[in-house]
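Report on the following structure.
The values are calculated or read from the model by the stated rules, or taken from the named source; none is laboratory data. This one's a predicted model, so the numbers in the text were calculated from it and none came from an experiment. Cβ placement follows ideal geometry from the backbone for every residue including glycine, while neighbour counts extend to all protein chains displayed. Just so you know, the surface numbers come from the protein's heavy atoms only, side chains and all, with ligands and any DNA or RNA stripped out. Shrake-Rupley method; radii C 1.70, N 1.55, O 1.52, S 1.80 Å.
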Amino acid sequence: MQTFLTPSFLEKEEMRLLCKDAITSDLSWSAYIETGIHLLNAGEESAAFMELGGALQIAHKQVCTTPAPTWRWAMRLTESANLLVITLNLLECERLIDPFLHNMHSQIAVLPPLVGCPQGKNKTWLCNWCKSMNCPRRQAQLAAMYAHQARRQGQKALH
């Protein structure tokens, strides 16, 4: 039996409420991601780390407690991890990135086959994505993409 780090950004009772059903989990994850990206782009990396960690924990619970995990939640786990890597880099905690990504890769690799994978994508594709996030250039590209995405959303909100 393999043992993995279980993320713990949210209290047990809070997780119970945030993950009580599929709709609540979906909305909770989306809210944590959106807030985390906003805080990240506002230069509030420590606060962003906690919000994005909450999203990671919700996605982790959905992937690991479902007998047949879905592509959607596995991709959300990966996206949450990507944003945490970007945040760790900004917090100058680069030494944590490699072990964190190794852990995420290992957790995805041992999942049962994912339900609803798009053509050409599966657990191996997600594992390779995790490995690619070790590259500082890849981290910078993703950080720029999320910053651009946040600016576009901000401009839409003004109109």
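For this structure, a couple of remarks:
- For the chain, the pair-distance distribution built from all alpha carbon pairs, in bins 5 Å wide starting at 0, is 2, 9, 18, 22, 21, 16, 9, 3, 0, 0, 0 percent.
- Computed with a 1.4 Å probe over protein heavy atoms only, the accessible surface of the chain comes to 57 Å² per residue.
- Accessible area of the chain belonging to carbon and sulfur atoms, whole % at 1.4 Å probe: 57
- Theoretical FRET efficiency, 1/(1+(r/R0)^6), r = Cβ-Cβ of ALA147 and ALA31, R0 30 Å, to 0.05: 0.95
- Label-point separation, ASP21 to GLU92 (7 Å along Cα→Cβ), nm: 4.8
- Computed from point charges on the beta carbon alone (+1 for Lys and Arg, -1 for Asp and Glu), the dipole magnitude for the chain about its Cα centre is near 600 Debye.
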